[in-house]
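The values are calculated or read from the model by the stated rules, or taken from the named source; none is laboratory data. Because the structure is a prediction, the values reported are computed rather than measured. Here the Cβ positions follow ideal geometry from the backbone for every residue, glycine too, while neighbour counts run over all protein chains shown.
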Amino acid sequence: MNYTDLDVWKYSRGLVKEVYLLTKKYPKEEMYGLTNKVRRCAVSVPSNIAEGIGRQSNKETIHFLFIAKGSLQEVETQLYLSFDLGYMSKEDLKNILEKVISCKKLLNGFINYYKKL
């Protein structure tokens, strides 16, 4: 299986792009704070999916898929914090959270698929 063919990996890459575009609007003083943190967590999602697929056993793969899921939870939390701090509009939050939820569903489905192998 090639990870680059996976819908969940492709979708999570799109989420990274959305996070980067959204965080460009954050205040400059957040460059090394929340901006950096949310971007790193977003990047962690497709990265851990890829690393998991490259592992030798289903157990290891599932472990990295759960790390990706944890990173996705972090992204979601940081997006809420960004909204709380006034760095994005309610509409921006709604739109990006829809993408996060879709990514969660894809990732959960993929984890469940791997658990059955």
Notebook entry, point to check: If only one of Tyr114, Tyr80 is within 19 Å of Asp5 (Cβ to Cβ) and part of a helix (DSSP H, G or I), which one is it?
Noted result: Tyr114
Next item on the list: Could you check, for region 19-26, whether at least one of its residues is crowded, with 17+ Cβ neighbours inside 10 Å and of a type in the set (Lys, Arg)?
Entry: no
Notebook entry, point to check: over 17 Å from Tyr114 (Cβ atoms) and of a type in the set (S, T, N, Q), is that true of Thr61?
Noted result: no
Check: Among the residues of region 62-85, is any of a type in the set (Lys, Arg), out of contact with any helix residue (DSSP H, G or I) (no Cβ under 8 Å at 6 or more places or on another chain) and surrounded by 12 or more Cβ atoms within 10 Å (Cβ to Cβ)?
Finding: no
Margin query: Testing Leu85 on (1) of a type outside the set (Asp, Glu); (2) touching a Cys at 6+ places or on another chain (Cβ under 7 Å); (3) over 24 Å from Leu106 (Cα atoms), one condition comes back false. Which one is that?
Written below: (2)
Note to self: Take the conditions in contact with a Pro (Cβ under 8 Å, 6 or more places away or on another chain), modelled with pLDDT of 95 or more, on the phi < 0 side of the Ramachandran plot and not in a loop (DSSP other than H, G, I, E, B) and apply them to Arg13. Does it pass?
What the structure shows: yes
Check: Considering only region 84-100, how many residues are under 15 Å from Val19 (Cβ atoms) and outside any helix (DSSP H, G or I)?
Finding: 2
